[in-house]
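I have placed the structure first, in the form of structure tokens, so that the comments after it can refer back to it.
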Amino acid sequence: MVSAYDGGGIGDQILVQRDSPITSIADLRGKSIAVAKGSSAHGHLLGQLDKAGLKPADVKLVFLQPADALSAFTSRQADAWAIWDPYTAQTEQQLPVRSVGQAKDVTNGYWFGVASDQALADPKRNTALADLLVRFEKAAGWAKDHPQEWAQSYAAAVGLDPKAAEVSQGRSLRLPTALDDAVVASEQKLTDLFAQSGQIQSSPKFADWVDRRYNDALAPLLLSSN
């Protein structure tokens, strides 16, 4: 991991039907929850359960990709749906739903820039990667400063309703953030949660996968307030 981008975790939410008796994470005990296996929503759900004193075995995890999960949730075959933007924004716009939990302050909303050991060991590729990361972070800065233009472009590119795109990108735009000890620790927490749930065999040391050589070059472009 050579760079970090923070989406704030607001777009990752656990949704229920508006008339559902479920009002908290604790109420999910024994309930079925649709979630994409290994996704940010899966990690968020594990974090919420852990915070509420529940284990994955205390609920019924139904591993479905977003399209199938939406169908199951809409037909009430799943009591709740752990999902991320832009799907969250789309669902909130189209269905009578409410959220019982969002990822902010529970698990991180980070994405990471990834490079192979071979690329990092090659001076020419190393320079090209630095240039690419700087360009990406400048683009994120432009998107932050031009929210309506970015939302329109994003909506057109992915075939999303403009209003849903505006809501989604207004709260889930990935902003450059420092690849520091706090970021590494938060990702280690997620790694541990996946290991404890049996989704991975063991919990590797996340710091061993982090390379901070680009921190100085990217520092002037950092935008996240976290």
**Asked** Exactly one of (1) closer than 19 Å to ARG174 by Cβ; (2) surrounded by 14 or more Cβ atoms within 10 Å (Cβ to Cβ) is unmet by ASN126. Its number?
**Response** (1)
**Message:** I'd like to know if the stretch 45-63 contains one or more residues that are in contact with a Pro (Cβ under 7 Å, 6 or more places away or on another chain), touching a residue at least 12 places away in the same chain (Cβ under 8 Å) and farther than 14 Å from GLY101 by Cβ.
**Reply:** no
**Verdict on ALA143 being over 18 Å from the mean Cα position of the chain (by Cα), surrounded by 13 or more Cβ atoms within 10 Å (Cβ to Cβ) and either in a helix (DSSP H, G or I) or assigned by TED's automatic domain parsing to the domain that holds PHE73 (or both)** = yes
**Item:** Failed item in (1) within 19 Å of ARG212 (Cα to Cα); (2) assigned to a helix (DSSP H, G or I), with GLU92 passing the rest
**Value:** (1)
**Prompt:** Name the pairs: first residue in the stretch 92-115 and within 18 Å of ARG174 (Cα to Cα), second residue aromatic (Phe, Trp, Tyr) and surrounded by 18 or more Cβ atoms within 10 Å (Cβ to Cβ), Cβ to Cβ under 7 Å, at least 6 apart or on different chains?
**Reply:** TYR110/TYR5; TRP111/TYR5
**Request:** Could you check how many residues of the stretch 175-221 are farther than 18 Å from GLY47 by Cβ, under 19 Å from the mean Cα position of the chain (by Cα) and surrounded by 15 or more Cβ atoms within 10 Å (Cβ to Cβ)?
**Result:** 6
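Residue-by-condition table, conditions (1) in contact (Cβ under 8 Å) with a residue 40 or more places away in the chain; (2) within 12 Å of MET1 (Cα to Cα); (3) of a type in the set (Lys, Arg); (4) in contact with a Ser or Thr (Cβ under 8 Å, 6 or more places away or on another chain):
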residue: THR177; (1), (2), (3), (4): yes, no, no, yes
residue: ASP181; (1), (2), (3), (4): no, no, no, no
residue: ALA185; (1), (2), (3), (4): no, no, no, no
residue: PHE194; (1), (2), (3), (4): yes, no, no, yes
residue: SER197; (1), (2), (3), (4): yes, no, no, no
residue: PRO204; (1), (2), (3), (4): no, no, no, yes
residue: TRP209; (1), (2), (3), (4): yes, yes, no, no
residue: ASP216; (1), (2), (3), (4): no, no, no, no
**Asked** Quick one: would you say ALA82 is surrounded by 18 or more Cβ atoms within 10 Å (Cβ to Cβ), at pLDDT 95 or above, assigned to a strand (DSSP E or B) and not assigned by TED's automatic domain parsing to the domain that holds ASP211?
**Response** yes
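The values are calculated or read from the model by the stated rules, or taken from the named source; none is laboratory data. Keep in mind the model is a prediction, meaning the values are calculated, not measured. Don't worry about glycine lacking a Cβ; one is built from the backbone with ideal geometry, like all the others, and counts go over all protein chains shown.
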